[in-house]
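Some notes on the structure that comes next.
The values are calculated or read from the model by the stated rules, or taken from the named source; none is laboratory data. Since the model is a prediction, treat every value here as computed from it, not as a measurement. Cβ atoms come from the backbone with ideal geometry, glycine included; neighbour counts cover every protein chain shown. Please note that ligands, DNA and RNA were not included when accessible areas were found on the heavy atoms of the full protein model with its side chains. Shrake-Rupley method; radii C 1.70, N 1.55, O 1.52, S 1.80 Å.
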Amino acid sequence: MGLLFSACSDSGNTKSADGALEPAQMDPTIAAVFVDTEPANFVTVSEARSTAKSGDSVVVAGKVAGAMNPFTEGFATAVLADEALETCDLIPGDACETPWDACCVDSAIIKSLRLTIQVVDAEGRPIAQSLKGLNGLKELDPVVVSGTVAEGSTKENLIINVSSLYQKSDVL
């Protein structure tokens, strides 16, 4: 009986040397989203917020930031902040433990420089697996996402249903 429980408690998730979940351990829909080629003709988060409307196809560059917890535990969503958002890692001498939350910036400015990205299933609901750690994705990572603006999105609450996610290796 003890062997049964120990076998069941092992999630079977294998991680690469850098701690990222291997693609085989990801939900297949999420695994298909990660791409190796940077999309062209992207706009900033700020530009997307000012022009994108529900149903529009968009390509947006930003960084995973703009909230204390930019990843949603258990769901494939994240907060994407404009590169113009001054996160604490950009402030010399700042020793903030959560630099991605941009705690030194007025909350109204933070809200105006972020949007939500999500990977959804066939019914349009976020997949039940966090994006954090997948393919090594973490807070402050610069990314370029392609997708469609979700139905019901507004300028103040822009949500992008992601069809591809490119992790930039350089700093924005």
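Using r as the Cβ-Cβ distance of Asp121 and Ser169, and R0 as 25 Å, what FRET efficiency do you calculate, to the nearest 0.05?
Once rounded, the FRET efficiency stands at 0.25.
In the complete set of protein chains, residue-level accessible area for Phe34 is approximately 30 Å², probe 1.4 angstrom.
The loop-placed trypsin sites (Lys or Arg not before Pro) in segment 15-118, going by DSSP, that have at most 12 neighbouring Cβ atoms within 10 Å of their Cβ come out as Lys53. Scanning residues 5 or more positions from Phe34 or on other chains, those with amide H under 5 Å from its amide H are Leu165, with H placed 1.01 Å from N in the peptide plane.
The phi-based Karplus calculation (6.51 cos²θ - 1.76 cosθ + 1.60; θ = phi - 60°) puts the 3J(HN,Hα) values of segment 140-152 at 6, 5, x, 9, 10, 10, 10, x, 10, 5, 5, 4, x Hz, whole numbers, x for Gly and Pro. Within segment 81-172, report the GluC sites (Glu not before Pro) that DSSP leaves as loop and that have at most 12 other Cβ atoms within 10 Å. Those that pass, being in a loop and sparsely packed, are Glu97, Glu123, Glu151, Glu156.
A simple rule links phi to the HN-Hα coupling: the Karplus curve 6.51 cos²θ - 1.76 cosθ + 1.60 with θ = phi - 60°, which for segment 30-41 gives 5, 4, 6, 6, 5, 10, 9, 10, 6, x, 8, 6 Hz, with x for Gly and Pro.
Residues in segment 96-101 carry Karplus couplings, in order, of 4, 6, 10, x, 5, 7 Hz; the curve used is 6.51 cos²θ - 1.76 cosθ + 1.60 with θ = phi - 60°, and Gly or Pro positions show x.
In this simple spin-label model, placing a label point 7 Å from the Cα along the Cα-to-Cβ direction at both Ala84 and Lys155 gives a separation of 1.4 nm.
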